[in-house]
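Structure, as structure tokens:
The values are calculated or read from the model by the stated rules, or taken from the named source; none is laboratory data. Quick caveat, the model's predicted, so the values are computed rather than measured. Using ideal geometry, Cβ is built from the backbone for each residue, glycine included, and neighbour counts are taken over all protein chains shown.
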Amino acid sequence: MLYKDKIILSVIFLGLSILIFFRLEKTLSFPDQSWSLIEGEKIKITSEIVQKFEADHNGLTRIKILFGNSDVSPGGTFDFKIYDENCQDIIREINLDITSLDSGNTTDFVFPKISDSKNKIFCLKLSYEQKKGGKKANVFINENRMVQNKFFSINGEEKASQSLSMRPAYRNENLWQDSVELNQRMSQYKPLFLKHYFLSIIIFGFIILSILLVAILII
Amino acid sequence: MQKVQILSFIKNPKFILALILVIFFLKGAFLTTLSPIFTGQDEARHYSSLQYRAEPKDKNWEKIDRPVGSMKSINIADYNFSHEMIHAGEAADYNVFRHQMYNTVNFSDGYNGINEAEINHQLWKPYNYFKQPDIVSGKNLYYFLATSLEKILSGSDILVRFFSNRILSTVFGTIGIFLAYLIFKNIGIKEKESLILTAITAFQPKYAMYFASINYDVLLIPLFFLFTLGAVFSLRNGFNWKNGSLMLLAIGLGFFTKATALILILPFFGLVVYFIYSSYKKKINLKIILLAIIIFVIIAYFSNYNFISILPFKNNVSETFHSFGSYLSESLTLGRFALSSRTYWGSLGWFSNAIDQNFTNFVWTIQTISVVGIIFLLFSKKKLDFLPEKKYVVFMIGMIFALQLGIRMADWKVFMGAGELELGTPGRYFLPNLVSHIALVFIGLGALLRKENYFRNALLAGLIVMISFSMYLIFNIILPRYYL
């Protein structure tokens, strides 16, 4: 095999591998399961949703929202903003173009980590603009008496003791802590030989040996 | 000097093959862990089937009269499974993560689940308390093997027994990969190219996913590979008692695993006809062929199986033809072909993005180009040294047609009874021909590329695409679905 071919194939393989692990790193955050994802009352977003909530941990980086319909074709744009407690200063902002929703009609709004989010109140504002000929997006709202649920309104109407069907997700201080938490989650309801250290050996063994195999076959 | 020795060691084909097998096993163990309990394809029912077979012979417990419920129920307690399966499933949040695609297990902060200690204490009997158990009935070789493991581990909790059975499936898958290597090597593909093709097969996403779950197909698929290997040996060395036995063994064991294996009779007799025909040209021992046929007929007779029952027939010829027409119009649609193809390649459809939507389009483009290459190869007079002879290509095409025919006949038969496409043709049904399929795709490309160097590059590119898609599904789709 020509040297040039080896280089090209190696670069493609490394590039794709980096993309895959970069994507995993980007989504590596852990939803707060005290927030329920429940298919409660379904309401169309005609203007704006305002949800104030208190973060339980540092490292707020993602909000998963459960939507009420899978067919939003030909799509539209979610305007997602996170403000301070008074809904005045924008902290994070995402404009997300979609043509369909993810697994189970959810969409993840991922933003750069807010490191000191613990015990702070955030104001989330969400609106949706469908493309021409498209449908409006529906969200679910649930009864929610958690103290972390501070305020909720949809289309200008306040809904006391209710909240958006959503889950805030947090990252740890560093990647090592994230990987430990991920290992803990994967280990649960598994036998001893697929838990903790054994699981780490399996995963890293699989990744490292796969890379080694491709390298051997290319050289 | 030492550097040279290390290089020659890691380039040794035996080392590379061992590496592929170890990687496949580790990948299977990882996938086994990634999917929570009972989430594989019909896995709860298959595990229920082997647990039922592991029960003591004296069933001295009260039975509840409850008909088998709807397969669509979202509550595990609605299924006539064992007491242990129902309670362990509920304790492990099966009802939450199985049917709510957006939900996961209610995680604790440590390495043990919230209700894991309860499961470990084996509070529930692994017995089925229903008069109508929700199981797959009949004698089955896979269940025999898996039940043996279940019995050996009977002192352990359900997590150990269930996941050990998944690991058993991965062992079968690893054997399948080894057989794949032998097939590639024996059809005349060179050592290194055979290893790359083996690695491509090992990284076919659906193959590994399937071999990380409890299902009788995990025995059927390697048996299909075994038959293919026997057939390849016969094409290479002539029909003899060794390769004849291998094929008959695969058919026989396959028959006691899943009826799909019966379709192997077609290529077997196809080969017999081929050898009888070629025996006029070459000296081939006709006695061995006749002996193989006699052994086959004796086995078929003593199996006491109603072979006619597998043929689709409805009342009379006219109704049968009418049903056939209705079946074809409903099943041979682009949408259904696309669905089979997507699931065959492991697309789960859990997330909507360009990769998921376009991967099968990419594969179809490659396959279409490859078909042109196969046609070119079959009608070309020039022999390319780095590609197999035409007879292997024709045989593998025959295998593809035979399985297609078998699956569609079974689908049509169910359609006749149900009046709708109840069974369908999910991609996993076509996995028994994975080795033939992968070989044909790359032989077709090789026939167009014409040069060994280009062929090897195409194989390496194929391997990189397959590994990347497999890694993408594991780390970007399955892992976030269940744990993030």
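Out of (1) within 12 Å of chain A (Cβ to nearest Cβ); (2) over 26 Å from B:LEU149 (Cβ atoms); (3) assigned to a loop (DSSP other than H, G, I, E, B), the odd one out for B:ILE16 is which?
(3)
Please verify whether the stretch A:73-89 includes one or more residues that are among the aliphatic types (A, V, I, L, M) and out of contact with any Asp or Glu (no Cβ under 9 Å at 6 or more places or on another chain).
no
Just one of (1) over 16 Å from the mean Cα position of the chain (by Cα); (2) within 19 Å of A:SER165 (Cβ to Cβ); (3) not in a strand (DSSP E or B) trips up A:LEU101, so point out which.
(1)
It is to be established whether one or more residues within the stretch B:211-222 are surrounded by 24 or more Cβ atoms within 10 Å (Cβ to Cβ) and more than 17 Å from the chain's Cα centre (by Cα).
No, every residue in the stretch B:211-222 fails to be surrounded by 24 or more Cβ atoms within 10 Å (Cβ to Cβ) and more than 17 Å from the chain's Cα centre (by Cα).
Just to be sure before I move on: is A:SER165 within 17 Å of the chain's Cα centre (by Cα), within 11 Å of chain B (Cβ to nearest Cβ) and among the hydroxyl-bearing types (Ser, Thr, Tyr) in the structure I sent?
Answer is yes for this residue.
Can you pull out every residue in the stretch B:23-60 that is away from chain A (no Cβ under 14 Å), outside any helix (DSSP H, G or I) and under 23 Å from B:ASN103 (Cβ atoms)?
Those that are away from chain A (no Cβ under 14 Å), outside any helix (DSSP H, G or I) and under 23 Å from B:ASN103 (Cβ atoms): B:GLY40, B:GLN41, B:ASP42.
For the structure I just gave you, tell me whether A:LYS150 is over 16 Å from the mean Cα position of the chain (by Cα) and more than 14 Å from chain B (Cβ to nearest Cβ).
yes
A:TYR189: hydroxyl-bearing (Ser, Thr, Tyr), within 11 Å of chain B (Cβ to nearest Cβ), under 30 Å from A:ASP56 (Cβ atoms) and out of contact with any His (no Cβ under 6 Å at 6 or more places or on another chain), yes or no?
Judged against the criteria, A:TYR189 is a match.
Pick out, from the stretch B:308-402, the helices (runs of 4 or more DSSP H) lying fully within it that include 3 or more residues that are at pLDDT 80 or above and over 21 Å from the mean Cα position of the chain (by Cα).
Helices (runs of 4 or more DSSP H) meeting the threshold: B:354-379.
Could you tell me whether any residue of the stretch A:187-203 is touching a residue at least 24 places away in the same chain (Cβ under 8 Å) and surrounded by 18 or more Cβ atoms within 10 Å (Cβ to Cβ)?
no
On the basis of being away from every other protein chain (no Cβ under 14 Å) and either buried (at least 21 other Cβ atoms within 10 Å of the Cβ) or among the hydroxyl-bearing types (Ser, Thr, Tyr) (or both), does B:GLY238 make the cut?
no
Report yes if some residue within the stretch B:61-78 is out of contact with any Asp or Glu (no Cβ under 8 Å at 6 or more places or on another chain), within 14 Å of chain A (Cβ to nearest Cβ) and free of Cβ contacts under 8 Å to residues at least 40 places away in the same chain; otherwise report no.
Looking for residues that are out of contact with any Asp or Glu (no Cβ under 8 Å at 6 or more places or on another chain), within 14 Å of chain A (Cβ to nearest Cβ) and free of Cβ contacts under 8 Å to residues at least 40 places away in the same chain, one finds at least one in the stretch B:61-78, hence yes.
I'd like the full set of residues that are buried (at least 17 other Cβ atoms within 10 Å of the Cβ) and within 14 Å of chain A (Cβ to nearest Cβ), limited to the stretch B:85-94.
Within the stretch B:85-94, B:MET85, B:HIS87, B:ALA88, B:GLY89, B:ALA91, B:ALA92, B:ASP93, B:TYR94 qualify.
Where residues in the stretch A:33-58 are within 13 Å of B:THR104 (Cβ to Cβ) and either surrounded by 20 or more Cβ atoms within 10 Å (Cβ to Cβ) or at pLDDT 95 or above (or both), which of them is farthest from the other protein chains (Cβ to nearest Cβ)?
Filtering first and then ranking leaves A:TRP35.
Please enumerate the residues belonging to the stretch B:108-125 that are surrounded by fewer than 20 Cβ atoms within 10 Å (Cβ to Cβ) and either part of a loop (DSSP other than H, G, I, E, B) or not assigned by TED's automatic domain parsing to the domain that holds B:LEU50 (or both).
B:SER108, B:ASP109, B:GLY110, B:TYR111, B:ASN112, B:ILE114, B:ASN115, B:HIS121, B:GLN122, B:LEU123, B:TRP124, B:LYS125, listed by residue number.
Are any residues in the stretch A:97-123 in contact with a helix residue (DSSP H, G or I) (Cβ under 9 Å, 6 or more places away or on another chain) and modelled with pLDDT of 85 or more, and if so, which ones?
A:ASP108, A:VAL110
Of the conditions (1) farther than 30 Å from B:GLU191 by Cα; (2) more than 20 Å from the chain's Cα centre (by Cα); (3) in a helix (DSSP H, G or I), B:ARG408 clears all except one; give me its number.
The one condition B:ARG408 does not meet is (2).
Is there a residue in the stretch B:459-478 that is aliphatic (A, V, I, L, M), more than 14 Å from chain A (Cβ to nearest Cβ) and either touching a residue at least 24 places away in the same chain (Cβ under 8 Å) or at positive phi (or both)?
No; the residues of the stretch B:459-478 include none that is aliphatic (A, V, I, L, M), more than 14 Å from chain A (Cβ to nearest Cβ) and either touching a residue at least 24 places away in the same chain (Cβ under 8 Å) or at positive phi (or both).
Yes or no: B:ALA54 farther than 30 Å from A:ASP32 by Cβ, small (Gly, Ala, Ser) and at pLDDT 95 or above?
Taking the combined requirement at face value, the residue satisfies it.
Does A:SER70 fit the bill of being surrounded by fewer than 19 Cβ atoms within 10 Å (Cβ to Cβ), at pLDDT below 95, out of contact with any helix residue (DSSP H, G or I) (no Cβ under 9 Å at 6 or more places or on another chain) and under 27 Å from A:PHE30 (Cβ atoms)?
no
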